């Protein structure tokens, strides 16, 4: 079986997270991703701890399946070479501060004259337009500004940052969607285009109903802990040995739930019969449930609730996640062998195709590991020509 | 300008969030999305509050740009019609519990015999394979099981659910990527395929470096509040009137930050000179910064820090998000006029194309609003034929 994106060539100038996450997905699905890195320094995230034998776990976890070419875009000969390569690639992705590529003399308006079929994706904190465009941003800042923190946190507690860099990651996902859409469009029009993705915009896009909810009710959404804003019971409960998330999504599940935890007298109780009533009487209902739930362990409740078809799950820490039978069965934990670091576990590919499955067949590259290989393959250079280029100090 | 996905036809059987979020993005980018809904009942989320004049804010916020066709897939005549329509569409998306389409006699193995070019996307809680496959799941449950809750929360506090349904939303984003990838692949192979997306898998995929970090360090990641796991200072600070997120991402920003808040004596202090040292001496450094920050308001600090190029931002609540100048400038808050509910604000489109911009030109549909229109347009039926179909009670 061939891979889904076989033949798609991506020149990847991205660093750290949002951009590299996008190109990782494309590489997982079969695109040929050539990561351009500054000689000797490389992607900033190569320097993020923890390290194993000098190799960054952070870098390794989001750069598998890519090749690395060292190339100094600040030097004249480096730029020249880059412009030659541009002709051979379908996509360029960068996540510099807006204006950086123009300052290098490598802005989209210039690149498209060389390759009009080029898809150019730019991912930045605030986007290439608007009053904040040139400001620096990090994940934590856009999580704060974009509203997500204001609705995350313990009930009555402080706004809380999401524990993974969801600001970067969702920008990476939207960038991937943008690139694939532009490629789809190009297959009919024959023309490339530029796409501009802002982390802050993506944060607004993932608020889903919070904005409509606010404009309709005029109530400012606040952190509500692990409860649902409108469904009851739909929250975490303390068990004998920990916590369990229980999600009684509708009135049918409610009656199964009452049976499961042996509170059948409450099924048709006038205070709890429907979700609307349970919402109104949340304060009365929850202590009644709590009293039952704390009598068994999380695992015991899992078994009982599963038997009754009540959606539930433990709050898994990372050590438990990587051992979960479903997660293992779905190949969502993959071991990659790195020549220096040894075996490292990374998340698998969540897109399961019937005909063209993704594959992880390459660990994260060493800095500049594929410079020679790419020059030979993409530009057809021989060893002598490559040698002479090395003299410019651009690799 | 035409839209990016013009000509792509999507038959959308999805309900509530993960699936509808995916088809919303595709519709925003120009695909023709026909939402199939159960007559009289419709998408479950039509019944989620708050409502305005009987119309759900939740439903309206993620179903713009789609058309609605009422069709009962449990009735024989409904199935027959569906199979006729399948030939005319590029994509089918569903987010039923695994096995539901097979029970209806409309599983992928059958549909592909009718239309081998069909891309079939299935989004579910745990996926179509593995021991948990048939279990029901909700966003809150997969947030708990997938590890994200275990690393989100106040420092030393309890695992915390992300305030938006990030379990559904990331599954929606990966589903969108999968559909576009399958379409790209089909343009070369001529063949469709099935793709199986699990919310739980997607949760593992967005843990980014947490898994690699754990396997390298053997330390179980825990909630760390609004701090960064490895960069200092990179957290929220109390101001005179609220809080501000400050992200001193590297040593260059550190020296600008010290100037900005007037602690220049600390720039080269042996305890704080480098990020590694600042990490070690976090407990000493933070109180020194706090003392300064609480003397000015959030807005005053924003101005100062912006001037010094230090990444920072307020923690915006939703009312502030929809008034933010950058967010408005980027058209990330869009007003949609609904014939019954009136004007409703929804998030804009975070993918900004230079040549084929997305557009929001249709509010969320009424249940079955486009049944006749779709029958005429897609199947070429005339009014008489449609009338006779109505007698089967399938619309």
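Per-structure values
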item	result
Shortest-first distances to equivalent copies, position residue B:276, nm, label 7 Å out along Cβ	6.4
Mean separation of Cα contacts under 8 Å (6+ apart) over length of the range B:234-316, as relative contact order %	43
Added length on full extension, which subtracts the Cα-Cα distance from 0.36 nm per residue, residue A:134 to residue A:307	56.8 nm
Distance in nm between pseudo-label sites at residue B:113 and residue B:241 (7 Å out along the Cβ direction from Cα)	7.0
Mean-position separation - Cα centroids, the range B:29-98 and the range B:324-382, in angstrom	15
The range A:352-379 residues near the modelled residue A:84 label - backbone nitrogen below 13 Å, point 7 Å along Cα→Cβ	A:372, A:374-379
Potential lengthening between residue A:47 and residue A:280 on full extension [0.36 nm per residue; Cα-Cα distance subtracted]	78.7 nm
Projected label distance in nm at residue B:77 and residue A:188, using a 7 Å step from Cα toward the beta-carbon	3.4
Theoretical FRET efficiency, 1/(1+(r/R0)^6), r = Cβ-Cβ of residue A:103 and residue B:256, R0 22 Å, to 0.05	0.65
Copies compared at residue B:113 - label distances in nm, ascending, label defined 7 Å from Cα in the Cβ direction	5.9
Förster-model FRET efficiency, 35 Å R0, residue B:300 and residue B:334, C-beta, rounded to 0.05	0.65
Percent RCO, i.e. relative contact order, over the range B:93-169, from Cα pairs under 8 Å lying at least 6 residues apart	24
Copy-to-copy label separations for residue A:337, where each label sits 7 Å from Cα toward Cβ, in nm and ascending	6.5
Label-point separation, residue B:220 to residue A:268 (7 Å along Cα→Cβ), nm	4.5
Neighbour-count order for B:56, B:3, fewest beta carbons within 10 angstrom listed first	B:3, B:56
Fraction of antiparallel bridges per DSSP, chain B only, in percent to nearest 5	45
Beta bridges per DSSP with both ends in the protein assembly as shown, % antiparallel, nearest 5	45
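Read-outs: derived from the displayed coordinates by stated rules, not from any lab. Bear in mind the structure is a predicted one, so any value in this text is a computation, not a measurement. Note: ideal-geometry Cβ built from the backbone for every residue, glycine included; neighbour counts use all protein chains shown.
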